[in-house]
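Following: one structure in structure tokens, then a few remarks.
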Amino acid sequence: MEATQTYDAQLAEFEGRIARGEKIEPGDWMPEAYRKQLIRMISQHAHSEIVGMLPEGKYIPHAPSLRRKMVLIAKVQDEAGHGQYLYHAAETLGATREEMIDALLTGKAKYSSVFNYPTLTWADIGMIGWLVDGAAIKNQLMLSHASYGPYSRAMVRICAEETFHYKQGMEMIVHYATNGTSRQRTMAQDALNRWWWPSLMMFGPHDSDSPNSAQLIRWGIKTKTNDELRNEFVTEMVEQFNAIGLTVPDPDMVYDAEREQWIHGPIDWDEFWQVVRGNGPMNAERLAARRKAHDDGLWVREALVAFAQRA
Ligand code: FAQ
């Protein structure tokens, strides 16, 4: 890239590369707003993976069998790994780990609203795997085509692991709903009732209220809008729940035969924004748990620094 090139020429070349399907790599020229958007999104995504370990991690000591416990431990460890890939991806854009973690611990950074709801029964573990990981995969499959190379490559690996999370959740809920005791079926339905709407909110506000979407789509970070992904997800999930006799808790849901889509009823956006602003049922507890983990890990960080200095 010639140093004398104007910003407009650089931008045209950058957008041309995206239009040709080339990946933008660390060190390549990029508009400052592209870099900032990616740091915002990737760091929020990383925080979501790390905070997302908490609702399920709580149930590791209470798993009903050795098999279920091994699967859950593997899943929660995977989420930690996803957080690490994503923090690394954000670091390639110039963000430091310290500032990202600081933003999370001081409550400045956002993370997915869905993790501010409590896990109340074991069936929530299956429902999170099927529904919450299902929503995450829907979004992340799109992001595996994102124009920024390190983010899209992290997504490929993450989606492979999330598919295992999704399948173990589906296997558990299908078993409880179709072969379980009446108490297990009731627990599965109750878990669906509580996780359905928070899962739909994971896709973000309606397109008309999504200030970031236009720029993200222009630069190939997102290739679909929040509503497009949410609507696809709803249609896929409703049919699966119907097939096993569970009922989606939406009395206004209708089938649009022309579009071959299930259309969901109104989402409670007041609740969504309350949760995003830190006033959800578990926001304070989630941040307190992350702060404690950070404080407890201080000696590890100090030992690593001392080791690096000696080496
Ligand atoms: N929660 O303009 P938009 C997982 C914010 S990973 C909180 O539409 P955008 C794995 C948004 O940041 C789940 N805040 O924003 C797992 C923005 O505020 P800002 C996480 C939300 O970026 C499973 C404002 O609202 N996945 O679950 C939410 O175009 C099981 C306006 O919104 C990702 O992070 C929300 N739900 O679209 C782990 C994927 N929605 O930043 C454990 C990457 C919106 O301007 C167990 N991120 N906001 O101050 C994305 O795809 C996008 O950022 C969206 C939002 C779709 C989340």
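For this structure, a couple of remarks:
- When R218, R277, R230 are screened for being under 23 Å from the mean Cα position of the chain (by Cα), surrounded by 15 or more Cβ atoms within 10 Å (Cβ to Cβ) and under 28 Å from M41 (Cα atoms), only R230 passes.
- Residue in the range 233-262 that is least open to solvent (accessible area, probe 1.4 Å), counting only those that are hydroxyl-bearing (S, T, Y) and either free of Cβ contacts under 8 Å to residues at least 40 places away in the same chain or assigned to a helix (DSSP H, G or I) (or both): T235
- The range 190-215, subset within 9 Å of the ligand (Cβ to nearest atom) and within 15 Å of the chain's Cα centre (by Cα), residue most open to solvent (accessible area, probe 1.4 Å): M202
- The lone exception for G149 - which of (1) in contact with a His (Cβ under 9 Å, 6 or more places away or on another chain); (2) surrounded by fewer than 19 Cβ atoms within 10 Å (Cβ to Cβ); (3) not basic (K, R) it fails: (1)
- First in the range 32-50 and part of a helix (DSSP H, G or I), second anywhere and among the hydroxyl-bearing types (S, T, Y) and within 8 Å of the ligand (Cβ to nearest atom), Cβ under 7 Å, 6 or more apart: Q44/Y111; H47/Y111; S48/Y111; S48/S112
- Members of the range 152-185 that are surrounded by fewer than 21 Cβ atoms within 10 Å (Cβ to Cβ) and of a type in the set (A, V, I, L, M): V156, A160, M170, V174
- Candidates are the residues of the range 65-87 that are over 15 Å from H165 (Cα atoms) and among the hydrophobic types (A, V, I, L, M, F, W, C); the one that is nearest to the ligand (Cβ to nearest atom) is L86.
- On the stretch given as the range 32-47, residues that are farther than 25 Å from L287 by Cβ and either hydroxyl-bearing (S, T, Y) or surrounded by 24 or more Cβ atoms within 10 Å (Cβ to Cβ) (or both) total 1.
- Number of positions in the range 54-98 that are crowded, with 17+ Cβ neighbours inside 10 Å and within 15 Å of W122 (Cβ to Cβ): 9
- Test: residue in the range 247-266 that is of a type in the set (D, E, K, R) and on the phi > 0 side of the Ramachandran plot: yes
- Checked against (1) of a type outside the set (D, E); (2) more than 24 Å from the chain's Cα centre (by Cα); (3) within 16 Å of the ligand (Cβ to nearest atom), H62 passes all but condition (3).
- Scanning the range 102-120 for residues that are over 14 Å from E56 (Cβ atoms) and open to solvent by 40 Å² or more (accessible area, probe 1.4 Å), we see that the one that is nearest to the ligand (Cβ to nearest atom) is K110.
- Of the residues making up the range 121-155, those that are within 9 Å of the ligand (Cβ to nearest atom) and of a type in the set (V, I, T) are I128, V132, I137.
- Whenever a residue of the range 1-29 is of a type in the set (D, E), its partners that are at pLDDT below 95 and open to solvent by less than 60 Å² (accessible area, probe 1.4 Å), lying with C-beta atoms within less than 8 angstrom and at least six residues away or across chains, give the pairs E13/Q5.
The values are calculated or read from the model by the stated rules, or taken from the named source; none is laboratory data. Source: prediction; values computed, not measured. Glycine gets a Cβ as well: all are built from the backbone with ideal geometry, and neighbour counts include every protein chain shown. Ligands, DNA and RNA are excluded from the accessible area calculation, which covers all protein heavy atoms including side chains. Shrake-Rupley method; radii C 1.70, N 1.55, O 1.52, S 1.80 Å.
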